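The next block holds one structure in the form of structure tokens; read it before the comments.
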Amino acid sequence: MKNEPCCKCKTELSTVRLRHTFYCNKCFVYTFVGKYRSNLNRSKAIGRKKGKVLLACSGGPSSIAMLHLTSTFMVINPNEKKKVAMVPSAVVCHIDESTLFGEQEGSSAKLQAMVETKYPQLSFLSQRMEDVFDADFEKRMKNMAGTNRDYEHLVQLLQQSNTDASNMTNSDRLKDLFNNISKNTAKEDLYWNFKFTMLLGIARKEGCDYIFMADSSTRQAIKMISKISNGRGYSIPFDVGLEVDGCFDDVVILRPMKDMLAKEMGMYNRLHGIDHDVTAPFNWGTYMPPKSSIERLTEDFIVGLDRDFPSTVSTISRTASKLTPHSNIDYSKSCAICQMPYEANIPEWRKHITVTKVEQRSGDDQSSCLQEGCCGGSKEDGGCGTGGGGGGCSSDTGPVADLNAYLCYSCQVNLKDYKNDAVEMLPPFVVQKVYDQEREQRLREQIQEFLIDDDDDE
Ligand SMILES: [Zn+2]
Ligand SMILES: [Zn+2]
């Protein structure tokens with residue numbers, strides 16, 4: 001490599017090799033920054049409106065590179081006609097997972113210190129993952145003003161069901177839930193869904209118009225294959241696309257790093273002296289054999305293949321970026337667990353697999369069926385059969401809503417790996433979402449009836 005000239009300037013000797021291309025340091029950085037800039041320029045949403053950005057930061061190499069890059073785009077370019085910075089303001093958001101992974105202890109403080117000293121123009125926010133169980137979480141996330149009677153009622157019920165048994169802390173709840181999920185694939189999925197839900201909620205609370213995710217093209221390729229294997233084909237354009245606009249009414253998701261390889265991130269960080277800011281990621285897949293989860297297996301497969309065939313990742317990523325959302329997607333509905341839109345009528349063909357039920361009292365008075373010994377049913381026993389000998393909710397619970405009707409296919413499948421009463425241990429936002437959507441549906445039906453009546457009268 002030492003004797004190869006840089007493919008761009010042709011004058012310098014190359015120092016960086018990417019696939020079959022050789023760069024000098026300067027040209028490498030120029031190309032790298034160019035990819036980020038062109039991804040921002042390609043965003044239709046940013047073209048319409050420059051706004052506050054939430055930078056999702058795990059502390060891994062990609063997110064550290066993203067912080068550095070973004071900070072350079074927060075200044076106004078003097079050559080630009082419009083005197084607005086590409087990113088006018090940004091907040092770094094870290095979800096602290098140390099309750100689940102003790103190895104992550106202190107990573108949040110390290111990130112905070114780093115942001116405060118190196119990026120004074122960015123603000124820093126850290127939220128512990130167990131806060132997802134905070135009864136107040138959903139409310140704060142939605143920026144709900146004042147009190148809401150329905151909401152108070154729901155919180156009451158959840159607090160009853162969650163605190164009656166013991167004085168568990170939210171950390172206990174988080175650990176308990178994950179300890180009761182048997183497969184790593186289902187764990188990884190749920191853990192990601194919590195993170196995403198939290199990021200979305202925090203972005204709304206902070207008044208951010210955008211969430212920047214630091215997925216590299218290597219991560220994109222792994223995500224695409226593993227998510228399809230997980231039964232997530234339907235929402236794949238939202239999971240891997242450059243820009244997700246219109247899916248979460250007020251927040252646009254952008255993946256500005258999606259054209260950079262993991263290797264490029266490492267190189268960029270090294271050249272800017274920020275590689276020591278990286279916290280090595282740690283989760284269930286770390287130090288585990290490839291067969292421990294679908295994602296871990298896919299990672300092993302793609303990274304291995306890419307070693308011998310260096311265009312593997314870029315080919316998969318390019319294919320992924322061509323995917324567009326299905327035309328029949330109903331954006332008014334989204335999965336109660338993963339927040340993604342889902343295909344209609346899954347419950348119809350999966351009716352025989354009932355996971356659990358959410359109780360639905362008459363009128364607006366509604367609660368989740370989280371009583372002990374009720375409805376904690378697994379897929380196999382058709383829900384609601386625990387202890388009750390299949391007699392349905394044994395207490396005076398009235399009609400029930402099927403949780404499956406509010407979940408995407410993939411989340412439904414994951415529930416089969418929930419042991420014991422793990423379904424009942426899900427955080428309040430899941431029940432809240434079922435409740436909201438159920439009420440919306442009823443409202444829609446009522447309006448429809450009225451419209452038909454009106455038609456008949458004429
Ligand atoms: Zn060069
Ligand atoms: Zn889902």
- Note on the structure: Rounded to 0.05, the calculated FRET efficiency for the beta carbons of Trp192 and Arg42 at R₀ = 45 Å is 0.95
- For the stretch 1-42, what is the Kirkwood estimate of the hydrodynamic radius, computed as the reciprocal of the mean inverse distance between distinct Cα atoms, to one decimal in Å? 10.6 Å
- Query: At Glu445 and Lys82, where each label point lies 7 Å from the Cα along Cα→Cβ, what is the point-to-point distance in nanometres?
  - Reply: 4.6 nm
- Item | Label point at Ser126 placed 7 Å out along Cα→Cβ; residues across the stretch 83-98 whose backbone nitrogen lies under 16 Å | 92-98
- Query: Given the Cα-Cα distance of Ser332 and Lys49 and 0.36 nm per residue of separation, how much length would full extension add, in nm?
  - Reply: 99.5 nm
- Query: Taking K and R as +1 and D and E as -1, what net charge do the other residues with C-beta under 12 Å from the C-beta of Ala320 add up to?
  - Reply: +4
- Rounding to the nearest 20 debye, state how big the charge dipole of the stretch 1-80 is about its Cα centre with +1 on each Lys and Arg Cβ and -1 on each Asp and Glu Cβ. 340 debye
- Message: Need one number: nm distance between label points at Asn25 and Asp176, each 7 Å from Cα along Cα→Cβ, rounded to one decimal.
- Response: 5.5 nm
- Task: Measure off 7 Å from each Cα along the Cα-to-Cβ vector at Glu105 and Thr169, then give the distance between these two points in nanometres to one decimal.
- Result: 1.2 nm
- Message: Just to verify a number: FRET efficiency for Thr324 and Asn3, C-beta to C-beta distance, R0 = 41 Å, to 0.05?
- Response: 0.35
- Item | Gain on full stretching of the segment that runs from Met74 to Asp250 - 0.36 nm per residue minus C-alpha separation | 61.2 nm
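Every number here is computed from the coordinates shown, using simple stated rules; none is lab data. Note that this is a predicted model, so its numbers are computed, not measured. Glycine gets a Cβ as well: all are built from the backbone with ideal geometry, and neighbour counts include every protein chain shown.
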